[in-house]
1. Project the alpha carbons of the stretch 262-383 onto their principal axes and report the range along each, largest first, in whole Å.
2. Distance in nm between label sites at Tyr224 and Phe241, each 7 Å beyond Cα in the beta-carbon direction?
3. Starting from the exponent 0.38 and prefactor 2.2 Å, build the expected Rg for the stretch 233-332 from its residue count and divide its actual Cα Rg by it.
4. Suppose we look only past 13 Å in the calculated P(r) of the stretch 134-198. What percent of the Cα-Cα pairs does that tail hold?
5. In the chain, carbon and sulfur make up what percent of the accessible area (probe 1.4 Å)?
6. Compute the long axis of helix 33-50 from its Cα atoms, compare it with the longest principal axis of the Cα atoms of the chain, and write down the angle in degrees, 0 to 90, nearest 10.
7. Under 18 Å from the 7 Å Cα→Cβ point of Ala265, by amide nitrogen: which residues of the stretch 343-384?
8. Please state the relative contact order of the chain as a whole percent: Cα pairs under 8 Å, 6+ residues apart?
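The values are calculated or read from the model by the stated rules, or taken from the named source; none is laboratory data. These numbers come from a predicted model, not from an experiment. Ideal geometry is used to build each Cβ from the backbone, glycine not excepted, and the neighbour counts take in all protein chains shown. All accessible areas refer to the heavy atoms of the entire protein, side chains included, with ligands and DNA or RNA removed. Shrake-Rupley method; radii C 1.70, N 1.55, O 1.52, S 1.80 Å.
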Amino acid sequence: MQDKLSLMIPGPTPVPERVLLAMARHPIGHRSAEFQAIVARTTEQLQWLHQTSNNVLVLAGSGTAAMEAGIINVLSKGDRVLCGDNGKFGERWVKVAQAYGLDVQVIKAEWGSPLNPEDFRIALEADSNKKIKAVIITHSETSTGVLNDLESINNHVKAHGEALIVVDAVTSLGACNVPIDQWALDVVCSGSQKGYMIPPGLSFVAMGERAWNAYKRSDLPKFYLDLGKYRKSAAENSNPFTPAINLYFALEASLEMMQKEGLEAIFARHERHRFATCAAMEAIGLSLYAASGSGSPAITAVAPKGIDAELIRKVVKNRFQILLAGGQDHLKGEVFRIGHLGFVCDRDILCAVAAIEAALMELGAAPNQMGAGVAAAAAALRSV
Ligand SMILES: *Cc1c(COP(=O)(O)O)cnc(C)c1O
């Protein structure tokens, strides 16, 4: 059935109709007063979403562009950095940092477990010469559905005094609390196709004062992703290069929807959906992949032991028009992931749970009690 596929992957996420319609017009000139007004308005909205008075700069690129910009604008050749790695996106941070010749000390945790803040404390306390220039972590590790303890790790960074904290908040921003000013987060990166409810193509970097001081010293090569250019243009409600104009129309519309709902309500909705999804999987008898208490508000990874996760995904997609995400790398076939990020309502959760149960039935792996997942999800959705 055409146009019925529902995305329950951690990006791209579903886009509200009014956001799609906002984009359905001719681009306007990006040096026009009309466009400047949109930049002014979205800048304010972005600061609201980021809970910051820092610059939030908008790039035409996917989330990885923001990550790369986050590194090359505040660091210099050979700088020592601590990089957290407990999944595919932590690995990506390591690769970007290495690509620019940084001296990367990797702090690992098993896939499925959160990073241990103690590991950061020990490494930072051992650095009496203050050689570590940045601590770089992924907040919500999308590949495993684990939420890392950003607040604790950041506290250790603050105790160090020199190092900046650079955060991939791609699947946490707009899903749970990331109070940039309150926690004094230096560099925070995100992308449009996740919590923002708009299509891929924009990415965002929020930079604080300490990060701008580091920018002045930074000698890594940069041109398109030179954030100084974006800051200068932003002061005139403009962009240094041709922006993704129609995505700005979408951004304005989606942030307006988010403002109407309110930050607290958005975070509570994601938490409800995480909670209901987890309760349902446990009721069905499927194991959660993320260690207990570390589940991400954006995505739940499920390890259906003894059944090929790819088969479940295939039936859910072909029979019920719901796209779940698969496992990455060694988790392919071991894990499927249910995205509940962005424009998601209770109905989506109930449908996904029901489709998973029905798929298990088709595959001859039905749980003892069919409907147990839906019942658990419904109860969980009612209770919070
Ligand atoms: C999606 C995602 C990214 C960005 O990926 P792009 O494909 O470049 O948009 C980065 N980090 C995390 C944790 C993500 O989920």
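1. Extents along the principal axes, in whole Å: 42, 32, 27.
2. 0.4
3. Expressed relative to 2.2 N^0.38 Å, the Cα Rg reads 1.51.
4. Beyond 13 Å sits 61 percent of the P(r) for the stretch 134-198.
5. That share works out to 52 percent.
6. Once rounded, the angle reads 70 degrees.
7. 343-348, 382, 384
8. After rounding, I find 23 percent.
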